[in-house]
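J.: If you scroll down you'll find the structure; I have some questions about it.
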Amino acid sequence: MPEFSLSVQFASDADDLPSRAQIRRWVAAALEHPAEITVRIVDADEARALNRDYRDKAYVPNVLTFEYGEIGHDEAGRGVLGGDVVICASVVEREAREQGKPLQQHYAHMTIHGILHLQGYDHIEPADADLMESSEAVILKRFHIPNPYLS
């Protein structure tokens, strides 16, 4: 497992937020590179403003990832990635309810999804989406969480 530093910020009054320890485990499982990361759980207003200001989108997203690229090197000379993952509590709660899945499992999925984006994964092209989704499924399986892409 690559070394990483993690700051977890709770900027939401939502109930049943994951613990810092849970978030740390999910991040660690998804990381392939040394990194300095902030995971911030926010309410809809902040998520909407960030999506508007940085992506020119007018909706509340479930997760946003801000990739800062390589921000330095570790002691072994490996590149250290930097970035922020912002998760909207109200959207994650709604999606979990609509999809009939446990809330903490959906938080795990959104955290892992964001961390993969931080490392360059995306889901714009079908082949890239297949790779990202299969990577998510493998990581989630370590936590005994079913593949979220199977109906």
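J.: How many residues are modelled with pLDDT of 95 or more and farther than 19 Å from Leu118 by Cβ if we restrict to the stretch 12-39?
T.: 6
J.: For the stretch 137-151, name all the residues that are surrounded by 14 or more Cβ atoms within 10 Å (Cβ to Cβ) and in contact (Cβ under 8 Å) with a residue 60 or more places away in the chain.
T.: Matches in the stretch 137-151: Ile139, Phe143.
J.: Next question. Of everything in the stretch 113-151, what is in a loop (DSSP other than H, G, I, E, B), under 20 Å from Phe4 (Cα atoms) and polar (S, T, N, Q)? Give them in sequence order.
T.: Hit for the stretch 113-151 is Gln119, nothing else.
Per-residue answers, yes or no, for (1) crowded, with 18+ Cβ neighbours inside 10 Å; (2) under 17 Å from His113 (Cα atoms); (3) at pLDDT below 95:
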site: Ile41; (1), (2), (3): yes, yes, no
site: Lys57; (1), (2), (3): no, no, no
site: Val60; (1), (2), (3): yes, yes, no
site: Tyr68; (1), (2), (3): no, yes, no
site: Glu75; (1), (2), (3): no, no, yes
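J.: Spot the failing condition for Thr38; the list is (1) over 14 Å from the mean Cα position of the chain (by Cα); (2) within 25 Å of Met132 (Cβ to Cβ); (3) polar (S, T, N, Q), and only one is missed.
T.: Going through the list (1) over 14 Å from the mean Cα position of the chain (by Cα); (2) within 25 Å of Met132 (Cβ to Cβ); (3) polar (S, T, N, Q), Thr38 breaks only (1).
J.: Ala35 fails exactly one of the following numbered conditions: (1) among the aliphatic types (A, V, I, L, M); (2) in contact (Cβ under 8 Å) with a residue 60 or more places away in the chain; (3) closer than 16 Å to His106 by Cα. What is the number of that condition?
T.: Ala35 satisfies all of (1) among the aliphatic types (A, V, I, L, M); (2) in contact (Cβ under 8 Å) with a residue 60 or more places away in the chain; (3) closer than 16 Å to His106 by Cα except (3).
J.: Hey, another quick one. In this structure, does Asp45 turn out to be exposed (fewer than 13 other Cβ atoms within 10 Å of the Cβ), touching an Asp or Glu at 6+ places or on another chain (Cβ under 8 Å) and without any contact (Cβ under 8 Å) to a residue 60 or more places away in the chain? Before the answer, list the steps.
T.: Details: exposed (fewer than 13 other Cβ atoms within 10 Å of the Cβ): yes; touching an Asp or Glu at 6+ places or on another chain (Cβ under 8 Å): no; without any contact (Cβ under 8 Å) to a residue 60 or more places away in the chain: yes.
Taking the combined requirement at face value, the residue does not satisfy it.
J.: While we're looking at this one, here's another question. Would you say Glu98 is over 15 Å from the mean Cα position of the chain (by Cα) and farther than 22 Å from Val8 by Cβ? Quick ask: steps written out before the conclusion?
T.: Numbers: over 15 Å from the mean Cα position of the chain (by Cα): yes; farther than 22 Å from Val8 by Cβ: yes.
Yes, satisfied.
J.: If Gly77 satisfies every condition in (1) at positive phi; (2) in contact (Cβ under 8 Å) with a residue 60 or more places away in the chain but one, which is the exception?
T.: Every condition holds for Gly77 apart from (2).
Rundown of residues vs (1) in contact with a Lys or Arg (Cβ under 8 Å, 6 or more places away or on another chain); (2) within 18 Å of Val39 (Cβ to Cβ), yes/no style:
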site	(1), (2)
Glu98	no, no
Pro102	no, no
His106	no, yes
His117	no, yes
Pro148	yes, no
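J.: Of all the residues that make up the stretch 53-77, how many are over 20 Å from Thr38 (Cα atoms) and among the charged types (D, E, K, R)? Before the answer, list the steps.
T.: Going through the stretch 53-77, the residues over 20 Å from Thr38 (Cα atoms) turn out to be 56-59, 75-77.
Now restrict to residues that are among the charged types (D, E, K, R): 56-57, 75.
Qualifying residue count, the stretch 53-77: 3.
The values are calculated or read from the model by the stated rules, or taken from the named source; none is laboratory data. Keep in mind it's a predicted model, so treat the numbers as computed, not measured. Reconstructed Cβ throughout: ideal geometry from the backbone, glycine too, with neighbour counts over all protein chains shown.
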